[in-house]
Amino acid sequence: MKLTRELTNDIETRLKKAVFVGRLTTDEELTYSMLEPVKEDNQEFIVFHIKCLSDIPDELAQYFLYQNRIFRGSTRSANNIQKIKWQLDPNFDKLRPEDQRNVLQQQLENKLVLFSLYANNANLFLDIIKIEDTKDHGFEEKYEIIPGPQLNMKERRGEFEDRMKQGRPFVLPHHPDLFLSSRLVYFDKVLYSQLKLKTSGNAATYYLQEQEEVRCMEIDSDFFDNIKLRHGDHIYVVASTVYHRMINNLRAEGFSLQESKARQDERNRKNSLVKTAVAAISQNDEQPIPLIASEETFAKEKLTEVAEAAFLSLLMENAGAKGLYFDQTDIVNVHIPASKRTC
């Protein structure tokens, strides 16, 4: 992408944290440009052109010579060579340029590309971050990126919500303030919307304002079913139509940060009971479970069966939070209680 002038140092710094989603351009999109989706460059390197399908900040777009949303990548970049080898063809660097061109053309079709941009003089180039097959071999017109916060290793949903309620900073590592404030944030099985974020001196560090307006929703497996591309715990890509449906659902059915705390307390109480029951069973199948009177349902006739079912439910829930899904029958077959094993 050619620029009308060089980027300012401030924009370059913030751009380093930004990510975008796109696909390989088509011949039709390049008809009047004398370019090709993939071509040899000086018989040594391969260049490829990606059409951006996610938001481009206005502050950046004002520098573009053309508004076609097409960015160039090249195998001159060691990063691109590495990502192509890891994700497409491990022998790519050993091929002749002509074969590299054919392989890259074929392998990038029907794939979404997560990428970053960097400036070189008055040009923008892309670096590949991740390449993902499209499940249905088709593309949406637009995609949205749902960011996730970067927290300390032991911090979970409760700690994140405490940060927001107490006005303490948190980082959205791939959502710098070049972009508008994100309308959705995902963390630890919860979607958050209507976050009014205030930036700090760091381009990707934010503080929440007006916590009373935040809406929360605990997600189910449908959330991960709709993810088209995921990168770690900080980037979740969905079709724009799905994104806006999520926003509408949160507006209609979401709950406040205060109610979220009450829900967590109830879940922690139940999880504690499950752990108590499972621990008691592992020590002695006949040992009574020391539960308070109001929780005696866990100590009735079929304590073992109840505890096992609760444990499996908790396991499936925690796996789902990471986007990992298993057939429940397989989990049951693998998880055989010690009391039922035979020598």
Report summary line: Placing +1 on each Lys and Arg Cβ and -1 on each Asp and Glu Cβ in the stretch 132-193, then taking the dipole about the Cα centre, the residue among Pro169, Ser193, Gly138 whose Cα reaches farthest towards the positive end is Pro169
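Can you compute the FRET efficiency between Arg183 and Lys94 using 1/(1 + (r/R0)^6), with r the Cβ-Cβ distance and R0 = 30 Å? Round to the nearest 0.05. Numbers along the way, then the final one.
Values: r = 45 Å, r/R0 = 1.50.
The computed FRET efficiency comes out at 0.10.
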Query raised in the report: Counting pairs of alpha carbon atoms under 8 Å apart in space and at least six apart in sequence, what relative contact order in percent does the stretch 9-135 give?
Result: 30 percent
Query - Qualifying GluC sites (Glu not before Pro) in the stretch 25-56, DSSP loop, other Cβ atoms within 10 Å at most 12 - result: Glu44
Query raised in the report: How big is Rg to Rh over the stretch 131-176, alpha-carbon atoms, Rh as the Kirkwood inverse-mean-distance radius?
Result: 1.17
Query raised in the report: What nm distance separates the two modelled labels at Thr134 and Ser221, each placed 7 Å from Cα along Cα→Cβ?
Result: 2.6 nm
Report task. Amide H neighbours of Arg76 under 5 Å, at least 5 residues apart or on other chains, H built in the peptide plane: list them. Result -> Ile46
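Any read-out appearing in this document is the output of simple, stated calculations on the displayed coordinates, not a laboratory observation. No experiment lies behind these values; they were computed from the predicted model shown. A quick note on method: Cβ atoms are made from the backbone with ideal geometry, for glycine too, and the neighbour counts reach across all protein chains shown.
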